[in-house]
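The values are calculated or read from the model by the stated rules, or taken from the named source; none is laboratory data. In this text, all values refer to a predicted model and were calculated from it rather than measured experimentally. Heads up, the Cβs are rebuilt from the backbone with ideal geometry, glycines too, and the neighbour counts pull from every protein chain shown.
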Amino acid sequence: MSALAEATVFDVEPLVVAGSTTRPAESTLDPESREWVTALGSVGATHDDAVARLHALLLHAARFEVARRRQALPHLRGDDFDDVANQAADDALVSVLRRLGDFRGASRFTTWAYKFALLEAAVKLRKRAWQGRELPLEPESWTALASTHLEPQAELEQRAVISAIDRAIHEVLTPHQRTVLVALALNGVPIDVLADRLGSNRNALYKTLHDARRRLRGHLDECGLAVDGAWEED
């Protein structure tokens with residue numbers, strides 16, 4: 001089995017841990033970033049003007065991300081993209097203001113804030129793309145796990161491993177673990193979409209996927225079908 005195929009089932013995106021909520025000393029920031037932090041932390045007209053400027057910046061970022069991804073979503077209409085961009089900018093604004101204390105000055109404030117809008121737009125587009133679609137509860141295809149152009153013996157070994165994984169998914173995993181593993185690792189359902197459908201969150205799903213991978217590895221070991229180190233956790 002190829003390293004790419006193994007990573008599909010047994011590797012997941014690392015968790016992103018929020019930074020400290022301690023606001024950095026404003027003297028350590030570049031002048032433009034210091035102006036943003038000061039204005040957003042103030043009250044009255046200065047605060048309102050800064051919020052309006054920040055929303056415009058975030059809307060620009062969200063529209064950029066929507067335009068970058070729209071060719072991959074031909075079934076969406078122009079109004080859908082405009083709606084996504086505006087919603088992303090609104091939610092990004094709330095996130096930036098809520099996490100203003102997390103900004104440490106490692107980059108310019110505008111660069112830091114820009115990323116919130118990019119993330120919100122990407123997540124909302126993924127969710128919009130899956131509207132009305134049922135979650136696949138069974139692997140749509142095992143071909144993604146199979147290496148090609150193998151010697152006969154290697155091909156037989158590969159088939160044995162894939163068959164063992166298939167059986168283990170149905171016999172060893174809990175129903176919830178099976179749903180999460182099949183959706184995320186085998187059928188490419190975006191984790192934000194799955195979290196939304198299951199009423200869960202990204203961290204909980206990462207934990208479920210981790211537990212499912214560990215259980216599958218243990219089962220393969222017991223069956224004498226352990227594979228190389230590419231299946232191990234980082």
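For the reader, a short list of remarks on this structure follows.
- Failed condition for S42, given (1) part of a helix (DSSP H, G or I); (2) polar (S, T, N, Q); (3) over 19 Å from R108 (Cβ atoms): (1)
- Residues located in the range 199-214, provided they are part of a helix (DSSP H, G or I), touching a helix residue (DSSP H, G or I) at 6+ places or on another chain (Cβ under 8 Å) and farther than 13 Å from P175 by Cα: R202, A204, L205, Y206, R213
- Leading residue by the ranking (farthest from R34 (Cα to Cα)) among those in the range 104-138 that are among the small types (G, A, S) and crowded, with 16+ Cβ neighbours inside 10 Å: A129
- Within the set E120, E134, E138, the sole residue that is in a loop (DSSP other than H, G, I, E, B) and either modelled with pLDDT under 70 or within 27 Å of A67 (Cβ to Cβ) (or both) turns out to be E138.
- Residue match in the range 58-74 (condition: modelled with pLDDT under 95 and outside any helix (DSSP H, G or I)): yes
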